Amino acid sequence: MRTGIRNFIATAVLISFSTAVFAHRFHAAITDVSMNPRTGNTEIIHTLMTHDIEALLENIVQHPINFNDADDLALLRQYVEKQFFIETKNQQRMKLNWVGIQLDPDSLLIFQEAEQQGIAPESIMHNALLTDFLADQINTTNLHHDGKLSTLIFDRTVHERALAN
């Protein structure tokens with residue numbers, strides 16, 4: 001009987017370990033870009049997996065990340081502003097204001113906006129969020145413009161895409 005219990009416990013441990021290993025089999029982020037008709041601002045919302053961005057930042061600073069800490073939040077902001085930007089046809093970066101974050105156990109939402117500015121069709125979007133850290137990271141950007149939805153895909157090999165068709 002003891003062998004049966006031992007086998008049961010060993011099987012349960014292996015199942016729980018394999019579930020944990022396969023629980024997060026992909027690395028993805030979603031960015032939504034849209035014009036707010038009420039304010040005239042272009043609003044950007046990045047949705048990242050909390051543990052992915054924490055792991056990246058912890059790898060940089062070598063200590064646990066606390067998004068309530070001003071230094072850790074500044075590190076996050078610096079990283080996002082380096083890895084995500086939009087350039088005009090003149091290769092000028094759009095000024096994206098940092099609005100803030102919303103954190104829950106599974107996802108981190110990051111809010112940015114360009115005040116009183118739309119995105120010109122000939123602009124170039126650069127989205128390399130987490131691709132420098134996770135080889136299989138896929139970033140999907142949904143661009144809402146003039147009542148149409150365009151989806152752009154970015155990964156480790158493709159960081160920039162033209163917005164014009």
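No value in this document is a laboratory result; all are computed from the given coordinates. These numbers come from a predicted model, not from an experiment. For neighbour counting, all protein chains shown are included, and Cβ atoms are generated from backbone atoms with ideal geometry for every residue, glycine included.
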State the extension gain, in nm to one decimal, for the chain segment bounded by Thr157 and Phe111, taking 0.36 nm per residue of separation less the distance between their alpha-carbons. 14.0 nm
Checking the cross-link filter: which aspartates and glutamates have an alpha carbon closer than 19 Å to that of Lys82, excluding same-chain neighbours under 8 positions apart? Asp32, Glu43, Asp52, Glu54, Glu58, Asp71, Asp72, Glu113, Asp132, Asp155, Glu160
Charge tally for neighbours of Ala114 with beta carbon under 9 Å away, counting Lys, Arg as +1 and Asp, Glu as -1, is -2
By Cβ neighbour count within 10 Å, fewest first, Asp132, Asp106 rank Asp106, Asp132
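Net charge within 14 Å of Ser34 by Cβ-Cβ distance, Lys/Arg positive one each and Asp/Glu negative one each, not counting Ser34 itself?
Working: positive: Arg38, Lys148; negative: Asp32, Glu43, Glu113, Asp146.
That works out to -2.
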Total charge of the residues flanking Ile65 in space, meaning their Cβ is under 9 Å from its Cβ, with Lys and Arg +1 and Asp and Glu -1, is -4
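If neighbour count is taken as other Cβ atoms inside 10 Å, put Phe67, Phe84 in order from fewest to most.
Numbers: Phe67 16, Phe84 23.
Listed from fewest to most nearby Cβ atoms, that is Phe67, Phe84.
Determine, for Phe111, Phe85, Phe154, the number of other Cβ atoms within 10 Å of each Cβ, and report the residues in order from fewest to most.
Details: Phe111 14, Phe85 18, Phe154 23.
Ordered from fewest to most neighbouring Cβ atoms within 10 Å, Phe111, Phe85, Phe154 come out as Phe111, Phe85, Phe154.
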Hey, with R₀ at 25 Å, roughly what FRET efficiency would Asp136 and Glu87 work out to, going by the Cβ-Cβ distance, to 0.05? 0.40
For Ser123, which sequence-distant residues (separation of 5 or more, or a different chain) have an amide H within less than 5 Å of its own amide H, given hydrogens modelled in the peptide plane? Leu163, Ala164
